[in-house]
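Colleague: This structure is in structure tokens; I'll ask about it shortly.
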Amino acid sequence: MISETTLEIDLSALKNNYAVLRSKIPSKTLLLAVVKAFAYGSDAIVVAKFLENLGADYFAVAYVSEGIALRNAGLKTPILVLHPQSVNFKKAIEYKLEPSLYSEKVLTTFLAVAVEMNQTAFPVHIKFNTGLNRLGFSTSATADTAAILARESALSVKSVFSHLAASEDLQERNFTAKQIDTFSKTCNVFEGIYGKVPIRHLCNTSGVINYPEAAFEMVRCGIGLYGFGNSAKNNFNLMPVLALKTVISQIHDLKKGESVGYNRGYIAADSKKIATLPIGHADGIGRQYGNGVGSVNIHGQKAPIVGNVCMDMVMVDISQIDCKEGDSVVVFDSFTTAEQLAESAQTISYELLTSLSQRIKRSIIES
Ligand SMILES: *Cc1c(COP(=O)(O)O)cnc(C)c1O
């Protein structure tokens with residue numbers, strides 16, 4: 001029974017997805033679980049602890065503050081920080097959070113902090129740009145970078161990595177093949193000069209699904225753990241971990257010509273029954289879902305959002321549905337998924353999930 005807006009986190013689905021992704025890679029390949037952005041809108045601490053117990057080899061977050069929260073919660077597994085900011089480098093070292101070093105400037109700055117803090121062999125990860133053009137050393141800087149790192153005892157390169165630009169898009173197969181090849185060659189040059197062989201990793205979830213031959217020694221999985229693969233049609237046996245549920249606060253009977261919500265966004269073409277729900281754009285259901293674009297499910301029937309999405313509420317058309325105030329409403333679950341709702345508004349599951357506000361109550365389910 002749902003009595004307020006609730007995000008259910010299904011740990012058995014998470015366990016299933018972890019096993020599915022593991023089954024796609026060789027048994028010796030490490031699995032890094034990406035738990036940035038509150039573990040894709042869920043609950044990073046709950047998810048990371050659960051995955052740590054299942055044997056996840058590594059975690060990744062975007063920022064140092066996210067890593068600190070995990071350390072404060074008792075996580076012991078190595079944590080890679082994908083996009084650390086230099087202002088937080090000291091904290092990163094204090095909390096044993098391993099930075100991605102992606103440019104000479106970032107490397108030099110981090111090195112200076114590590115030396116100042118008397119570190120030896122502090123674990124770092126070197127990121128190369130192989131085509132995404134977001135973060136990463138130029139591959140032409142590989143030899144110089146490896147040479148700098150080879151003579152610095154304060155740092156130890158745990159891994160060399162890069163990120164695929166279009167792993168989910170098989171139309172871009174040739175581009176991806178080129179990225180894989182560039183990465184592989186870059187690693188060889190790096191290892192030759194650095195003298196040790198760090199872990200290599202390139203694939204995200206779609207990479208694991210479409211290019212398992214490029215798993216190298218580790219893969220980085222985010223969205224797949226939460227239940228989504230490349231597309232609604234191509235989700236393998238992944239199961240959505242998150243279900244967003246709410247309740248009907250109030251029902252209004254509208255006469256023809258009456259309107260709903262701000263700016264009279266919806267005008268009833270004839271008599272209608274409208275339900276108000278306690279969830280709005282401040283909860284992560286953006287205004288793009290308004291005016292008939294998105295819908296919810298009530299007793300298995302579709303109720304479109306009418307009018308403009310408010311900060312704390314949406315109104316839905318329940319004219320054809322037998323329901324009453326206090327009844328449960330499904331915004332998304334494993335049947336009508338977050339991916340489908342996201343697609344209705346031309347966005348992706350990643351955006352919908354990570355937009356879910358921290359004020360929504362989380363509830364852990366182990367079905
Ligand atoms: C977010 C992120 C991932 C996870 O990608 P998914 O598609 O969610 O599996 C992997 N690597 C990097 C560098 C990322 O930023």
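The values are calculated or read from the model by the stated rules, or taken from the named source; none is laboratory data. What you are looking at is a predicted structure, and each value in this text was computed from that prediction instead of being measured. With ideal geometry, Cβ positions are generated from the backbone for all residues, glycine too; neighbour counts draw on all protein chains shown.
Colleague: Looking only at residues in region 139-164 that are within 16 Å of the ligand (Cβ to nearest atom) and in a strand (DSSP E or B), which one is farthest from Ala121 (Cα to Cα)?
Modeller: Checking each candidate, the answer is Phe161.
Colleague: Another question, if that's okay. What number goes with the only condition from (1) in contact with a strand residue (DSSP E or B) (Cβ under 7 Å, 6 or more places away or on another chain); (2) away from the ligand (no atom under 12 Å from the Cβ); (3) more than 17 Å from Leu353 (Cα to Cα) that Asp10 does not pass?
Modeller: (3)
Colleague: Look through region 66-92, keep the residues that are under 20 Å from the mean Cα position of the chain (by Cα), assigned to a helix (DSSP H, G or I) and more than 16 Å from the ligand (Cβ to nearest atom), and return whichever of them is surrounded by the most Cβ atoms within 10 Å (Cβ to Cβ).
Modeller: So the residue we want is Ile68.
Colleague: Next question, about the same structure. Does region 46-76 hold any residues that are basic (Lys, Arg) and in contact with a Phe, Trp or Tyr (Cβ under 6 Å, 6 or more places away or on another chain), and which are they?
Modeller: Arg71
Colleague: Taking the stated definitions as given, is Tyr194 at pLDDT 95 or above, in the same structural domain as Val46 (by TED's automatic domain parsing), out of contact with any strand residue (DSSP E or B) (no Cβ under 9 Å at 6 or more places or on another chain) and among the aromatic types (Phe, Trp, Tyr)?
Modeller: No.
Colleague: Scan region 99-106 and tell me whether some residue there is of a type in the set (Phe, Trp, Tyr), within 16 Å of the ligand (Cβ to nearest atom) and either assigned to a loop (DSSP other than H, G, I, E, B) or in the same structural domain as Leu80 (by TED's automatic domain parsing) (or both).
Modeller: yes
Colleague: Considering only region 291-309, state which residues are buried (at least 16 other Cβ atoms within 10 Å of the Cβ) and more than 17 Å from Gln340 (Cβ to Cβ).
Modeller: Listed by number, the residues that qualify are Asn291, Val306, Gly307, Asn308, Val309.
Colleague: Lys49 versus (1) among the basic types (Lys, Arg); (2) under 22 Å from Gln358 (Cβ atoms); (3) within 14 Å of the ligand (Cβ to nearest atom): which is the lone unmet condition?
Modeller: (3)
Conditions (1) modelled with pLDDT under 95; (2) more than 14 Å from the ligand (Cβ to nearest atom); (3) more than 23 Å from Ser349 (Cβ to Cβ); (4) of a type in the set (A, V, I, L, M), marked per residue:
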| position | (1), (2), (3), (4) |
| --- | --- |
| Gln171 | no, yes, no, no |
| Ser184 | no, yes, yes, no |
| Phe190 | no, yes, yes, no |
| Pro198 | no, yes, yes, no |
| Glu217 | no, yes, yes, no |
| Arg220 | no, no, no, no |
| Asn237 | yes, yes, no, no |
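Colleague: In this structure, does Ser167 turn out to be touching a helix residue (DSSP H, G or I) at 6+ places or on another chain (Cβ under 7 Å), within 14 Å of the ligand (Cβ to nearest atom), of a type in the set (Gly, Ala, Ser) and in contact (Cβ under 8 Å) with a residue 12 or more places away in the chain?
Modeller: Judged against the criteria, Ser167 is a match.
Colleague: Of these, Thr276, Thr336, Thr347, which one is of a type outside the set (Asp, Glu), touching a strand residue (DSSP E or B) at 6+ places or on another chain (Cβ under 6 Å), assigned to a loop (DSSP other than H, G, I, E, B) and in the same structural domain as His252 (by TED's automatic domain parsing)?
Modeller: Thr336
Colleague: Return a yes/no flag: does region 204-222 have any residue that is under 13 Å from the mean Cα position of the chain (by Cα), in contact (Cβ under 8 Å) with a residue 12 or more places away in the chain and either closer than 28 Å to Arg151 by Cα or part of a strand (DSSP E or B) (or both).
Modeller: Yes; the residues of region 204-222 include at least one that is under 13 Å from the mean Cα position of the chain (by Cα), in contact (Cβ under 8 Å) with a residue 12 or more places away in the chain and either closer than 28 Å to Arg151 by Cα or part of a strand (DSSP E or B) (or both).
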